[in-house]
Amino acid sequence: MKSGFVERSISGITEALEHALYSEEAARRKGLLQVIDPRAKIVGIFALVVATAIAHRLAIICGFAIFAIILAVLSRVSLLELAKRVWLAVFAFTAVIALPAVFITPGNVVWRVPVLHWSVTEQGLRGAVLLFARVETASTFTVLLVTCTPWMRVLRGLRALWVPLELVVVLGMTYRYIFLLMESAREMFEARRSRTVGQLPPAQRRYMAASAAGVLLQRTVELSGEVHMAMLARGFRGEVYVLEEESMRAMDFLFAVVAMSCASLGSWMGR
């Protein structure tokens, strides 16, 4: 039986919540990245992402990808989960951009599509492969950072690295309350499904989607005002605090130095 709008909405919200729970559980594991100070992780992984983005040689990008996989294994992050939650989604998104370049980039023709007579060029294939490799590798590094670090410590690390306070606060509040709004949306759709018999006509489904979006927007505005007033009443002045202040250890400096050295070497070799 074909699922309707309500069923698909509930399934999507549940999947997003499960992904968040998996990230929280992975951050509590005893792995390499989990024990590294967030400041060292942010600096090192940012350098690796930049080096991956500017590299022009496929071998260098593949080397960064292997390094990311090694980090995932040492951090006890499942490669199967990475494939399902990151690699496949990123591949599908990048394909929308990369595949047209295979046909429209001028160069040496290596194959023609039958019937359509579209020309596939060597330069287009090389550009598409480089784009896929860059995006997949950079996404893996970024997901490892977020997955292996509690979100509040990521924010604290960003603040320690002089990221603007306003941006840090917005990120923190968004992450904290997006799940509350998602839970409210799930409850709304489940209530609607329990009161619906059979399939709704398309016009009714569009009306229901628009009304649900309006209700959620109203709740968001009301919740934001209430939360802000409650935070001010409890002494909040915009700074992000954690219960345990950590100092950088030798292991943290070593990770940052190794990551930045690999990024610098890869950038020089991948020119």
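The values are calculated or read from the model by the stated rules, or taken from the named source; none is laboratory data. No experiment lies behind these values; they were computed from the predicted model shown. Every residue, glycine among them, receives a Cβ derived from its backbone with ideal geometry; neighbour counts consider all protein chains shown. Please note that ligands, DNA and RNA were not included when accessible areas were found on the heavy atoms of the full protein model with its side chains. Shrake-Rupley method; radii C 1.70, N 1.55, O 1.52, S 1.80 Å.
Considered as a group, the residues in the range 79-112 that are of a type outside the set (Phe, Trp, Tyr) and touching a strand residue (DSSP E or B) at 6+ places or on another chain (Cβ under 7 Å) include one that is nearest to THR147 (Cα to Cα), and that residue is VAL102. Residue check: SER184 meets all listed conditions (1) more than 30 Å from SER75 (Cα to Cα); (2) under 22 Å from the mean Cα position of the chain (by Cα) but one, namely (2). Of the residues that make up the range 200-209, is at least one surrounded by fewer than 17 Cβ atoms within 10 Å (Cβ to Cβ), within 30 Å of ALA55 (Cβ to Cβ), of a type in the set (A, V, I, L, M, F, W, C) and over 16 Å from the mean Cα position of the chain (by Cα)? Checked the range 200-209: no residue is surrounded by fewer than 17 Cβ atoms within 10 Å (Cβ to Cβ), within 30 Å of ALA55 (Cβ to Cβ), of a type in the set (A, V, I, L, M, F, W, C) and over 16 Å from the mean Cα position of the chain (by Cα). Please specify each residue of the range 214-235 satisfying the condition of being open to solvent by 60 Å² or more (accessible area, probe 1.4 Å), within 18 Å of PHE179 (Cβ to Cβ) and of a type in the set (Gly, Ala, Ser). Answer for the range 214-235, where residues must be open to solvent by 60 Å² or more (accessible area, probe 1.4 Å), within 18 Å of PHE179 (Cβ to Cβ) and of a type in the set (Gly, Ala, Ser): just SER224. Of the residues making up the range 167-179, none is basic (Lys, Arg) and over 30 Å from GLY44 (Cα atoms). For the range 24-34, a residue qualifies if it is open to solvent by less than 60 Å² (accessible area, probe 1.4 Å) and either assigned to a helix (DSSP H, G or I) or closer than 25 Å to TRP268 by Cβ (or both), and the qualifying residues are ALA26, ALA27, LEU33, GLN34.
Summed over the range 35-46, the residues that are assigned to a helix (DSSP H, G or I) and open to solvent by less than 10 Å² (accessible area, probe 1.4 Å) give a count of 4. How many of the residues in the range 47-96 are open to solvent by 90 Å² or more (accessible area, probe 1.4 Å), at pLDDT below 90 and in contact with a Leu (Cβ under 8 Å, 6 or more places away or on another chain)? Going through the range 47-96 one residue at a time, the tally reaches 1. Taking the numbered list (1) touching a helix residue (DSSP H, G or I) at 6+ places or on another chain (Cβ under 7 Å); (2) on the phi > 0 side of the Ramachandran plot in turn, CYS148 passes all entries but (2).
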